[in-house]
1. Give me the compactness ratio for region 203-349, meaning the Cα radius of gyration over 2.2 N^0.38 Å.
2. Taking the convex hull of the Cα atoms, report for region 58-146 its projected area averaged over all directions, in nm².
3. What Kirkwood hydrodynamic radius, in Å, does the chain give when the mean of 1/r is taken over all pairs of distinct Cα atoms and then inverted?
4. Whole number please: convex hull volume per residue, Cα atoms of region 1-109, in Å³.
5. Rounded if a/c is under 1.5, else prolate if a/b beats b/c, else oblate: with a ≥ b ≥ c from the C-alpha gyration tensor eigenvalues square-rooted, which is region 69-226?
6. Enumerate the amide H contacts of Trp190 below 5 Å, restricted to partners 5 or more residues apart or on another chain; note that Pro and chain-start residues carry no placed amide H.
7. Please determine, in degrees from 0 to 90 and to the nearest 10, the orientation of helix 233-253 with respect to the longest principal axis defined by the Cα atoms of the chain, where the helix direction is its Cα long axis.
8. Give me the net charge of Thr111's neighbourhood, meaning all other residues with Cβ under 10 Å from the Cβ of Thr111; Lys, Arg count +1, Asp, Glu -1.
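We did not get these values from a lab; they are worked out from the coordinates using the rules stated. Quick caveat: nothing in here was measured; it's all calculated off a predicted structure. Methodologically, a virtual Cβ is constructed for each residue, glycine included, from the backbone with ideal geometry; neighbour enumeration extends over all protein chains shown.
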Amino acid sequence: MEQRFVAKNALPLKDSFTTRWQAPSNIALVKYWGKTTPQLPKNASLSFTLSNAVTQTQVEFAPLENPSKSVSFTILFEGEKKPSFRPKLETFFANILPYQPFLTHYQLAITSHNTFPHSSGIASSASSMAALAACLVDLEAQLSSLTEEDKINKISFLARLGSGSACRSTQGPMMAWGTHTAIANASDLWAVPVSDIHPVFTDYCDTILLIDKGQKKVSSTLGHKLMHQHPYAEQRFAKANAHLSELLPILQQGNLEVFISIVEKEALHLHAMMMTSDPYFILMQPNTLSVINNIWAFRKETSIPVCFTLDAGANVHVLYPNEFDAQLKQFIEGELLQYCENRQCVHDKVGTGIKKY
Ligand code: DP6
């Protein structure tokens, strides 16, 4: 139990309080894959915060006459009641209740939608948990005095208890999560911004190629669990931390050649863990590999520093500096969209994190 995050004042408000926050998705450069209870990462991770792929969430907190035992809530996602969302939210509220016990004094009406294409297959748990956590901390700030630093750390802390990677969606353009010898203020409990970065990374582009929009065959939750008895788990955790050590000076210098090699290795190491789990599984599709081969050929031919990364799915994130935007859009349109479901992609770039809307 982290005492510093336990809300001090449990007194309910007399009137309803409504707040709206949006949070972006994020893409990990050094991947989080493997955790212990409660949502503590086995290695440090680092991500670009995105800007276009956001979840917007409104919560109306209506005071209850008699407090309930657990958190009472309704959820409307893109205008529809989503019973399938309830279990994850119930677990989230049970996890955070010790830190926000005042929530039992309210009926929560949650209304949420994504700005990225509906059912695009882009994992939205990071953006949705971060947006919801921001609403919850906004209520807490009405009840007790919190500094700006307390607020942003608590949002990240609560978001982590909903989905690990969500804790990195709060600020930008780059966030680190997990204790690491080279990042003095890093924590396993919340994510912190990595501020000392070369200007090339402050407007980096990420085009997300939607290779397969279907439901993933193996969830991230199960994938994390399979790291418990994984034969290469300890080597993987050490390697991820070593990649982060290598990447930090590169982020300051803007050395894109080394940046690319670390980022692509991380993506392939993540998928190598999946392929060597027991039971083993593959989330990449033939089109994922076609895209990767095309990116490598294009990079060789043009010397444009474009690279790829992958999350826990078949989709490919194409990463490139903003100055090559025009050439990349042309390449993506001409060569890569043929590998996407319905030729769909999402053009995004790095951003600054949560905000009120
Ligand atoms: C491959 O954050 O989705 O995207 O904590 O169980 O919700 P839970 O897992 P989740 O895992 C993210 C895995 C990843 C890598 C990353 O974002 O670092």
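1. Normalised by 2.2 N^0.38 Å, the Cα Rg of region 203-349 equals 1.08.
2. Result: 6.3 nm².
3. Numbers: mean 1/r = 0.0479 Å⁻¹.
20.9 Å is the Kirkwood radius here.
4. Taking the convex hull of the Cα positions in region 1-109, it is 146 Å³ per residue.
5. Verdict is oblate for region 69-226.
6. For Trp190, the qualifying residues are Gly178.
7. Its long axis makes an angle of about 80 degrees.
8. Local net charge: -1.
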